[in-house]
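> What follows is a structure written as structure tokens; I'll ask about it next.
The values are calculated or read from the model by the stated rules, or taken from the named source; none is laboratory data. Everything numeric here is computed off the predicted structure, so don't read it as measured data. Ligands, DNA and RNA are stripped out before the accessible areas are found, and what is left, the full protein with its side chains, is counted by its heavy atoms. Shrake-Rupley method; radii C 1.70, N 1.55, O 1.52, S 1.80 Å.
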Amino acid sequence: MKTPEEPGDRAPGAIKYAGLGVQLAASVLVFVWVGQWADRKLGTGGLLTVVAAFLGFGGTMYWLVRSLTRKDESK
């Protein structure tokens, strides 16, 4: 008979990281939306949309890598 495992003893599975892709997509979409709004207000012709998309992607990836390595180091 198998004994129940402690929550910290299990190997990380797909469920644990399922929301990360959704979080990345949502943050990029929000940054693109803000960039488009700023482009319309300032008349910069799409420059701020591109910059905002890179900032959203880069910032989210930085946060994800930091949070994932922090969890791995604490084991």
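> For segment 26-75, what is the accessible area per residue in Å² when the probe is 1.4 Å?
Working: 3810 Å² over 50 residues.
Value returned for segment 26-75: 76 Å² of accessible area per residue.
> Need one value: the accessible area of Leu48 in square angstrom, 1.4 angstrom probe, rounded to the nearest 10.
Probe radius 1.4 Å; accessible area of Leu48 about 50 Å².
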